[in-house]
1. Which values, in whole Å and largest first, are the semi-axes of the equivalent ellipsoid of segment 253-304 obtained as the square root of 5 times each eigenvalue of the Cα gyration tensor?
2. For a quick protection proxy, order the peptides 452-460, 278-286 by their average other-Cβ count within 10 Å, most packed first.
3. Run the quick spin-label model on N488 and S147: label points 7 Å from Cα toward the beta carbon, then report their separation in nm to one decimal.
4. Relative contact order for the chain: what is it in percent, counting Cα pairs under 8 Å that are at least 6 residues apart?
5. If packing is taken as the average count of other Cβ atoms within 10 Å, what order do 159-166, 54-61 fall into, highest mean first?
6. Pairwise over distinct Cα atoms, reciprocal of the mean inverse distance: report the Kirkwood radius of segment 19-110 in Å, one decimal place.
7. So what is the orientation-averaged projected area of segment 375-514, using the convex hull of its C-alpha atoms, in nm²?
8. Under a Cβ-Cβ cut-off of 13 Å, what is the net charge of the residues other than E92 that fall near it, where Lys and Arg count +1 and Asp and Glu count -1?
Amino acid sequence: MLASMGIAPVGASETMDIRSSCWTSSRLSDDLVTVVNSPRRWTCGDRTYSLDGERTLLRFEIGPHDVLPRYLFSRRSALVAMHLLAIDRDGEMRQTSLPAGELLSALSGGYFKAPLPDVTHDTRQVVVAFDLPSHRMTLERAYLSSSDLAMGPEHLRSLLLLATLAGMLFIPVIFNAAFYRILGEPFLLWHSLLTISLLLTILVSSGLAVVLFDPPAMTLSWMTTVIFGVTVASGAMFTHSFIEPGRMHPLLRRALLVCAAWAMFLSLSHAAFPFVGRSIQSTIYTAAFAPVVIIFILSVADALRRGSRAAKFQAIGYTPVIMAGLVRLATGVVPWLESNDAMLLFYTGCLCEALFTALGVADRFMTIKRERDSARFEADVLERLSERDALTGLLNRRAIEQNFDKLRAEGYRTLAVLDLDHFKSINDVHGHVVGDAVLKAVAEALQADPQVHAFRLGGEEFVLLVRGEDGQARVDRRRRAIPLVVANTVPHLGRPVTASMGVADTSTNADVDFAELYEQADKLLYEAKLSGRNRTRGTLVQGSKSYVEPGFGTSTKSPECFRSPKTAPGDVRQ
């Protein structure tokens, strides 16, 4: 495929082409016929063309056995106008002139064509004059041919292969769109822009553009320049955002931003003002990209040295494109070298970019996904740890406050506040180690299950959230189990460990927040303490009827009417 595309121009028959033999230059004000008829002005045998003159003339010799040409073909670049002269043996001249805007694009990739004046068997020379040519390649690649390329099998095959290559470039764009919805990483957008610009470059630099929408030659000329700038800029931005953090020197990363801006400035200014410094502008324009190539190579090399995985894919995928850029740079700057756009290398680079850089994006996607999954797992672990009491393993106050509304919606309408009786004396007599063991045993007695959530609020205070019609009875059974569980777990205390509890229950439609319900249960807990400890006090709140569960005391007063004595909370709970 690449070999078939390496023929330049694609499908042209070299044996039928007629190349220029002599050239000269003049001012635009000079009479064209006078210049043509001045033998001493012509330079023959030396194809080192110069753009110093305002007008450059090429002379083509028509041999007796040559097929009569009908068109001039040459590489697209900015110019003002063309003049074509057919000169017969008897000196008769036929001339046509075409402004640049009327030049047609040829099926040969990157070429334009211009119809010649009538060329007969008496014609011995054809002279073509370019007004303000802006690139040496237009002069170097000019030739005469008998016809434009026909859409024959060979040319059709080449265009289909190019279309296949262009279609391959759509695949990374589709993947990037899918990945961006998940990751939101900017390098996916820059890679999409880079891929689209490469796709457009293939279209405008080949005959595909002529087949699809046939724009004027000069339109494709400035489009090629602008798209090239976009390609370089998006490539620099892609590298800037694609290489992993810490895997490239900060100065090189910032330099890539400058390269992107510099490439856009060069391409836009060169496309908009192609004649400002016409004689040297194309050389300066080409040379100005040298720092961009150097910085890019240094950036990838530095990233490889620092162990970047992304740089490995870029190094492989971009090598042919970089080589094509170096060929264009060398032949565009060195005067005695014929300009070469290295399209074969460029097409190879597009293929490598579509394969290896897309693989690099997929690899980076998986790496970021693994990192995010790991970070999310660690965050979940930390979140769970932050909601757990380190000593007992029960949920803490933060957990109940953050999840109370959700638990209420799930039917947990009974809240109990439990406090151990005379717990301070256990710490004072047996020490904090034994006290901690008692707290762990209490947590075991509370037996959290799908119908009961147990929380430790701090010290010897616990909270239970229960759902079900027998919620108050269920929490009281857990309170009654505490002395037995503690006695089995922590023997030799010398006395049973009991607990007092206040229980607040709400109706199904009651709108009560955690602070309000906790306050109601806490007041009932004080009442249980004042009534002699080792008991439960419970009630309904917000005007619901009193709830009495056999086996434990129930206050017949509403919590709003309850007034605790002016005793310090710490003294009461002890």
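1. 26, 11, 5
2. 452-460, 278-286
3. 10.3 nm
4. 10 percent
5. 54-61, 159-166
6. Mean inverse Cα-Cα distance, inverted, gives 14.8 Å.
7. Its average projected convex-hull area is 9.1 nm².
8. So the surrounding residues net to -1.
The values are calculated or read from the model by the stated rules, or taken from the named source; none is laboratory data. Remember, it's a predicted structure, so these values are computed and weren't measured experimentally. With ideal geometry, Cβ positions are generated from the backbone for all residues, glycine too; neighbour counts draw on all protein chains shown. Accessible surface areas use protein heavy atoms only, side chains included; no ligands, DNA or RNA. Shrake-Rupley method; radii C 1.70, N 1.55, O 1.52, S 1.80 Å.
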